[in-house]
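**Q** Can you read through this structure? Questions will come right after.
Each reported figure results from applying straightforward, stated rules to the coordinates on display, with no laboratory input. As the structure is a computational prediction, the values presented were derived from the model and not from experiment. Methodologically, a virtual Cβ is constructed for each residue, glycine included, from the backbone with ideal geometry; neighbour enumeration extends over all protein chains shown.
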Amino acid sequence: MEDVQLVHALQTHQDGAMEQFQTAYTPLLRYIIAPILPDERDREECLSDVLLRVWNSIGAFDPGKAALTTWLTHLTRNAALNRRRANERRREGGNLDETLPDAADGPEQSFLKGETARMLWAAVGRLGRRDRELFLRKYYYYQPTAQIAAELGLTLRAAEGKLYRIRKHLREELGGVFHG
Amino acid sequence: MDEFDRLLYANSQLPPELTQLEPPRPWKKPIGQICWGLALITITLNFLGLNIILPAAGTVLLWLGLRTLRRENGGFRFAYACAVLYAALRLTAVLFQATPLDHWLASLIGREWNTSTGPVPLYYALWTVLIQLVLVLAAGGLWQGLKGVFIQAGQKPRTAAAGGLVILEALMLPMALIGLEGWLLVGPILILWVCLIMSLRKVSRSLDQAGYALKAAPVRVSGGLALWLWLGLHLLMIAALPLLFSRLPTNIQMPTPVADSNSTIRAQLLELGFPEDILAGLDDSELARFEGAYGLKKSGYRSKDDEFPDGMPEIITVEVPVRDERYGFHTVYLAYLYWTPNEASGGYMEGIQVAQDYQGVTVRTTVPDGVLKWQDRAGNACAIPLEFWREADSAGRPCCYANFSLPKDVSGPMEGFLFWEAMPSFPETVSVYNFSVTAAHRRSFWQYPYTLPSEILASGFYPPSWQWRMYRWTSEGQLAPEGMYDPRKY
């Protein structure tokens with residue numbers, strides 16, 4: 001079944017649509033979740049959570065705005081990150097992962113963060129196709145460098161070198177924004 | 001992780017526009033490499049060296065694509081092993097073609113394979129079968145590997161394109177062996193093949209859904225580096241190896257001078273009009289061939305030293321009928337080759353083709369005996385025997401060939417003497433006996449694939465190029481018994 005038909009079937013809650021969706025897209029969802037959540041049980045729970053979210057929010061999906069896979073990866077990645085963040089918070093006496101944002105941002109801080117992120121994404125958008133893919137894999141999908149290297153046919157050293165150059169380029173382009 | 005890294009992670013958590021997001025597609029690159037690899041291997045463009053560069057690039061792309069996938073399942077592992085073997089065979093083929101090894105193996109096997117376009121050495125046919133068979137097996141492994149991924153994901157395999165490719169690649173095997181050519185046949189197959197490759201390319205999209213459990217294998221050499229190293233290795237082999245084999249080995253002999261005991265034959269031949277300077281170069285055993293001579297016809301022309309194009313000898317032929325107890329008579333032919341002092345030494349490769357009786361008059365001829373004679377810088381008389389062998393040319397004419405290189409230590413001109421005999425089938429009548437002597441001179445120090453002058457001569461007569469130059473002397477002769485021989489006839 002094509003994506004358009006599948007989305008329509010899901011949106012109209014047709015019988016068997018969810019099973020078909022699961023067969024077709026569960027490997028993709030697992031692939032997105034895996035690098036973010038190291039624990040297998042967390043991954044399974046997150047997958048169930050994502051499937052439920054898809055069922056509930058598929059009505060909001062607009063095929064004109066993005067491809068189904070793009071929407072799904074975005075949804076899955078956010079769900080996995082939320083779970084990871086929650087796990088960190090639950091961990092008694094544990095340190096918060098420094099890479100995770102502080103949930104208690106005030107309105108001004110949120111605005112500034114939003115502005116910074118907008119500038120970052122604008123700079124990422126100006127990267128070449130391959131560099132953009134590397135950046136997204138590393139900083140958006142949280143993939144380990146070894147996985148990125150293997151999937152792109154690069155040595156670990158070459159992948160690290162490329163990521164270093166991307167970071168350097170972004171640092172130069174964004175300048176004071178990220179130093180402030 | 002430094003401060004900037006943390007900021008990147010933190011800020012990339014804020015959702016960008018969905019249009020900016022590209023889901024990772026781990027299958028896209030390896031499948032793309034495999035498709036490009038198969039395309040570059042299969043489609044051959046015979047100009048600007050693309051027939052070498054493109055398959056070399058295709059081979060490494062096929063290998064790179066399967067290298068990433070080799071941990072996924074057994075099918076891919078098998079295909080990867082085949083791709084490695086295929087790459088090794090391709091490189092070996094380049095190595096063999098850059099050196100005389102190809103010729104040596106072809107002559108070792110010896111037999112021929114008949115295709116619709118003519119016979120080819122069996123060795124080449126076997127080599128074609130081996131290489132194509134490994135490619136078919138690689139495509140088969142790829143097909144099974146893809147199938148395995150879909151089945152593992154619980155999805156219906158969408159691998160018809162890969163299966164079709166296996167069949168088509170397998171079909172190319174008998175096509176190559178039979179030698180099928182022509183756009184009427186190849187055109188539709190090519191179109192079908194392109195459609196299959198494009199369909200296979202699209203399979204990566206289906207795999208992105210089915211196979212995100214991809215277990216990409218870590219690599220020690222980046223794909224780009226591997227590609228350039230591979231192409232560089234090819235370039236090095238093609239550029240450097242032929243330089244080591246630009247000349248043929250020379251078997252220089254120092255004949256011991258003997259007293260002239262054939263002065264009678266010498267005087268007789270001079271009386272018949274034998275060119276004096278050529279006669280002076282013949283030793284006793286060579287003169288003995290002309291015993292019982294009763295006629296003579298010479299042809300060819302003399303040129304000034306600076307008139308002949310580079311590397312070319314002038315060719316003069318002498319026809320001498322002699323009495324023969326067994327046949328009544330037979331005719332001795334001498335082709336005299338003369339390289340001016342400027343052209344007499346060094347160079348790369350020379351070849352001589354003697355095409356006998358090419359108009360089909362029935363006679364029996366011998367394979368020529370040949371010798372090169374010159375003086376080295378120390379004034380010693382030197383000689384190289386020329387080894388002729390009989391082989392049909394591309395038009396099916398029986399010809400005799402010899403390959404050699406001119407020696408480097410030469411003082412003065414170089415002379416070549418080729419002798420052969422023609423025996424009449426009907427000694428009581430006059431027969432026409434036409435023949436040609438063609439000299440080929442290799443002008444370039446580099447040539448790929450390694451080609452002998454005899455191969456160029458057998459394939460046809462060509463105008464001068466930067467690599468080869470040819471010169472042909474054609475003569476009309478006659479086989480006539482004593483009393484009926486007239487050198488002015490024909």
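**Q** Name the long-range amide H neighbours of B:Thr365: under 5 Å, sequence gap of 5 or more, or other chain; modelled H, no Pro or chain starts.
**A** B:Met423
**Q** Right, another one. Going by how many other beta carbons lie within 10 Å of each one, how would you line up B:Cys195, B:Cys399, fewest first?
**A** B:Cys195, B:Cys399
**Q** Rounded to whole Hz and in sequence order, give me ³J(HN,Hα) for the stretch B:271-287 from the Karplus expression 6.51 cos²θ - 1.76 cosθ + 1.60, θ = phi - 60°, writing x for Gly and Pro.
**A** In residue order, the calculated couplings are 5, 6, x, 4, x, 5, 5, 6, 4, 5, x, 8, 8, 4, 5, 6, 5 Hz.
**Q** For Cα pairs less than 8 Å apart in space and 6+ apart in sequence, what is the mean separation divided by the residue count of chain A, i.e. the relative contact order in percent?
**A** Value for chain A: 19 percent.
**Q** B:Leu233 to B:Ala392: extension gain in nm, 0.36 nm per residue of separation minus the Cα-Cα distance? All intermediate terms of the calculation are to be shown ahead of the outcome.
**A** On the way: separation 159, 0.36 × 159 = 57.24 nm, distance 3.67 nm.
Residue separation times 0.36 nm, minus the Cα-Cα distance, leaves 53.6 nm.
**Q** So what are the ³J(HN,Hα) numbers for the stretch B:472-477, from phi and the Karplus equation (6.51, -1.76, 1.60; θ = phi - 60°), rounded to whole Hz, Gly and Pro as x?
**A** Per-residue couplings from phi come out as 10, 10, 10, 9, 9, x Hz.
**Q** Loop-only chymotrypsin sites (Phe, Trp or Tyr not before Pro) in the stretch B:37-101, please: DSSP not H, G, I, E or B, and at most 10 other Cβ atoms within 10 Å.
**A** Answer in residue order: B:Phe47.
**Q** Using 23 Å as the Cα-Cα cut-off, could you pick out the over-long pairs in B:Lys298/B:Lys373; A:Lys162/B:Lys28; A:Lys113/A:Lys162; B:Lys156/B:Lys215; A:Lys113/B:Lys29?
**A** Over 23 Å apart, Cα to Cα: A:Lys113/A:Lys162; A:Lys113/B:Lys29.
**Q** Over the Cα atoms, compute the radius of gyration (one decimal) and Dmax (the largest Cα-Cα distance, rounded to a whole number) for the protein assembly as shown, in Å.
**A** 38.6, 126
**Q** Which trypsin sites (Lys or Arg not before Pro) from the stretch B:41-136 combine a DSSP loop assignment with at most 11 other Cβ atoms within 10 Å?
**A** In loop regions of the stretch B:41-136 (DSSP not H, G, I, E or B), the sparsely surrounded trypsin sites (Lys or Arg not before Pro) are B:Arg111.
**Q** Lys and Arg at +1, Asp and Glu at -1: add these up for the other residues within a Cβ distance under 11 Å of A:Tyr140 and post the number.
**A** Working: positive: A:Arg77, A:Arg132, A:Arg137, A:Lys138; negative: A:Glu133, B:Glu22.
Net local charge, A:Tyr140 excluded: +2.
**Q** Please give the contour-minus-distance gain from B:Leu180 to B:Ser411: 0.36 nm per residue of separation, less the Cα-Cα distance, rounded to one decimal in nm.
**A** Contour length minus Cα-Cα distance gives 77.9 nm.
**Q** On to the next question. Out of the stretch B:339-439, which trypsin sites (Lys or Arg not before Pro) are coil in DSSP terms and have no more than 16 other C-beta atoms within 10 Å?
**A** Here the sparse-neighbourhood loop sites are B:Arg377, B:Lys408.
**Q** With a cut-off of 20 Å, note down the residues of the stretch B:318-332 whose backbone N falls inside the zone around a label point 7 Å from the Cα of B:Thr429 toward its beta carbon.
**A** Counting only backbone N, you get B:327-331.
**Q** With +1 on the Cβ of every Lys and Arg and -1 on the Cβ of every Asp and Glu, and nothing else charged, how large is the dipole of the protein assembly as shown about its Cα centre, in debye rounded to the nearest 20?
**A** On the way: 65 positive and 68 negative charges, 639 e Å.
Using Cβ point charges on Lys, Arg, Asp and Glu, the protein assembly as shown gives about 3080 debye.
**Q** Kindly write out, for the stretch B:77-82 in residue order, the coupling ³J(HN,Hα) from the Karplus curve 6.51 cos²θ - 1.76 cosθ + 1.60 (θ = phi - 60°), rounded to whole Hz, with x marking Gly and Pro.
**A** 4, 5, 4, 5, 4, 5
**Q** Between B:Ser444 and residues 5 or more places away or on another chain, which pairs have amide H atoms under 5 Å apart, with H built 1.01 Å from N, and which residues are they?
**A** Sorted by chain and number, the residues that satisfy this come to none at all.
**Q** Between the stretch B:319-393 and the stretch B:114-176, what is the C-alpha centre distance in whole Å?
**A** Cα centroid to Cα centroid, the span is 50 Å.
**Q** What whole number of Å gives the distance from the Cα centroid of the stretch B:443-490 to the Cα centroid of the stretch A:12-40?
**A** If you average the Cα positions of each part, the centres end up 76 Å apart.
**Q** Over all distinct alpha-carbon pairs, what is the Kirkwood Rh of the stretch A:1-92 in angstrom? Show your work: numbers first, answer last.
**A** Values: mean 1/r = 0.0730 Å⁻¹.
Over the stretch A:1-92, the inverse of the mean reciprocal pair distance is 13.7 Å.
**Q** Taking amide H positions as placed in the peptide plane 1.01 Å from N, state which residues far from B:Asn380 in sequence (5 or more) or on other chains have amide H under 5 Å from it.
**A** none
**Q** Relative to the longest principal axis of chain B, what angle (0 to 90°, nearest 10) does the C-alpha long axis of helix B:223-244 take?
**A** Compared with the principal axis, the helix lies near 10 degrees.
**Q** At 10 °C and a viscosity of 1.306 mPa s, what translational diffusion coefficient does Stokes-Einstein give for chain B, taking Rh as the Kirkwood radius over Cα pairs? Give it in µm²/s as a whole number.
**A** On the way: Rh = 27.4 Å.
Answer, rounded: 58 µm²/s.
**Q** In percent, what relative contact order does the stretch B:62-154 have, based on Cα pairs under 8 Å that are 6 or more apart in sequence? Let's see the in-between values first.
**A** Working: 84 pairs, mean separation 36.7, N = 93.
Here the relative contact order equals 39 percent.
**Q** Quick one: angle between helix A:156-174 and the longest Cα principal axis of chain A, in degrees between 0 and 90, rounded to 10, please.
**A** Helix A:156-174 sits roughly 70 degrees off the main axis of chain A.
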